Amino acid sequence: PTTKSALAFFSRYHVQFIKLPDLYRSKNNVVATKNECKCGTPEELTEKEDEGCNCSDLVEQIETLQDAINEWNKVLVDTLAVVEGLTPDKSILNWFEKIGPKHMHDDDRLKIEGQSSALAPPVLTGDAEKLKNSY
């Protein structure tokens, strides 16, 4: 199967305890079907004999599912390194406790530079057109 890029935001919890187990289950089901079809053996069933037995498709599905499992596991490792590398000064709680109150009640304006306040990253909104009825 072909894949297309998609925009999705999952929590580490969702990936680790929902997404990955679901992918493992799916892969195990396809492997079981492949075994039932006796793929790679002289007794291999054909699609004519059993509708679900297209061994090349089954092998491709297994490879695709394994690729997805590998990628999600890589993402978990990569994001864990980021999370473990955070220091208290980068915490949003630290911002509210230390920086925000300091500048909320004085005449100095709090300036945040180089950080978009948009809900979507610039790469997604770069070609966007403002609607006549937008505010």
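The values are calculated or read from the model by the stated rules, or taken from the named source; none is laboratory data. As the structure is a computational prediction, the values presented were derived from the model and not from experiment. All accessible areas refer to the heavy atoms of the entire protein, side chains included, with ligands and DNA or RNA removed. Shrake-Rupley method; radii C 1.70, N 1.55, O 1.52, S 1.80 Å.
The residues listed here are Glu84, Glu49, Glu60; of these, the one that is open to solvent by 70 Å² or more (accessible area, probe 1.4 Å) and modelled with pLDDT of 85 or more is Glu60. Only a single item in (1) open to solvent by 60 Å² or more (accessible area, probe 1.4 Å); (2) farther than 22 Å from Ser11 by Cα; (3) at pLDDT 90 or above is not met by Asn54, and it is number (1).
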